[in-house]
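Asks: Here you go, one structure.
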Amino acid sequence: SKQLGAFPVVVHAGAATLLARDGARPDGHPLRALTWLANHLAGRGETLKAGLVVTTGSYCGMLDVPVDTPLRFTYGDLGTLAVSLTQG
């Protein structure tokens with residue numbers, strides 16, 4: 001299984017590197033936050049629904065990124081996310 005507690009995080013905006021650091025979860029693993037959320041909701045009579053997107057926190061904190069610029073987020077050997085944000 002992949003290591004989810006910590007791994008390198010790199011963020012590129014075009015050809016520029018905006019961030020390169022060892023990312024880590026403050027609680028050690030994302031399933032801890034997800035388990036807490038599921039139990040918290042159950043205690044209120046609510047449930048997680050299929051198709052719901054849940055973010056469990058950040059591996060590197062908040063980062064300002066430019067709009068209208070191709071962004072590439074690399075999460076160790078887990079994979080890469082490519083997006084471009086537009087101002088609405």
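Asks: Helix-only estimate, please: 222 nm mean residue ellipticity of the chain, summing -39500 (n - 2.57) across DSSP H runs of length 4 or more and dividing by its residues, to the nearest 500.
Replies: Details: 1 runs with 14 residues, N = 88.
Theoretical 222 nm ellipticity from helices: -5000 deg cm²/dmol.
Asks: For the chain, what does the relative contact order come out to in percent, with C-alpha contacts under 8 Å and a separation of six or more?
Replies: Computed value for the chain: 34 percent relative contact order.
Asks: Another question, then. For the chain, what does the accessible surface come to per residue with a 1.4 Å probe? Please give it in Å².
Replies: Numbers: 6240 Å² over 88 residues.
That works out to 71 Å² per residue.
Asks: Once amide H atoms are built 1.01 Å from N in the peptide plane, which residues 5 or more positions from Ser84, or in another chain, come under 5 Å H to H?
Replies: Correct list: Leu71.
Asks: In whole Hz and in residue order, list the ³J(HN,Hα) couplings for segment 18-25 that follow from phi through the Karplus curve 6.51 cos²θ - 1.76 cosθ + 1.60, θ = phi - 60°; x for Gly and Pro.
Replies: So the J values, rounded to whole Hz, are 8, 7, 8, 7, 7, x, 8, 8.
Asks: Towards the positive end of the charge dipole of the chain, with charges on Cβ (+1 Lys, Arg; -1 Asp, Glu), say which of Gly43, Ala24, Gln87 has the farthest Cα.
Replies: Working it through, the farthest residue towards the positive pole turns out to be Gly43.
Asks: With a 1.4 Å probe and all protein chains kept in place, how much accessible area does Thr47 have, in Å² rounded to the nearest 10?
Replies: 90
Asks: Just to check I understand the Karplus step: with θ = phi - 60° and J = 6.51 cos²θ - 1.76 cosθ + 1.60, what whole-Hz values come out for segment 47-54, glycine and proline as x?
Replies: 9, 6, 9, 4, x, 6, 9, 10
Asks: Determine the shape class of segment 40-88: with a ≥ b ≥ c the square roots of the Cα gyration tensor eigenvalues, call it rounded for a/c under 1.5, and otherwise prolate if a/b is greater than b/c, oblate otherwise.
Replies: Working: a/c = 2.47, a/b = 1.92, b/c = 1.29.
It comes out prolate by the Cα gyration axes.
Asks: Over all distinct alpha-carbon pairs, what is the Kirkwood Rh of the chain in angstrom?
Replies: Evaluated on the chain, it is 15.0 Å.
Asks: At 1.4 Å probe size, with no ligands or nucleic acids counted, give the accessible surface of Thr74 in Å², nearest ten.
Replies: The value for Thr74 is about 40 Å².
Asks: Let me ask something else. 5 Å is the cut-off here: which amide hydrogens, built 1.01 Å from N in the peptide plane, fall below it relative to Gly23, excluding neighbours closer than 5 in sequence?
Replies: Close amide H contacts, sequence-distant or interchain: Phe7, Val9.
Asks: Residue-wise, which Karplus ³J(HN,Hα) couplings in Hz belong to segment 29-46, taking 6.51 cos²θ - 1.76 cosθ + 1.60, θ = phi - 60°, and x for glycine or proline?
Replies: 3J(HN,Hα) across segment 29-46, in whole Hz: 6, x, 5, 4, 5, 5, 5, 4, 4, 4, 5, 4, 5, 4, x, 9, x, 10.
The values are calculated or read from the model by the stated rules, or taken from the named source; none is laboratory data. Values in this document were obtained by computation on a predicted structure and should not be read as measured data. Using ideal geometry, Cβ is built from the backbone for each residue, glycine included, and neighbour counts are taken over all protein chains shown. These accessible areas exclude ligands, DNA and RNA; they are computed on the full protein's heavy atoms, side chains included. Shrake-Rupley method; radii C 1.70, N 1.55, O 1.52, S 1.80 Å.
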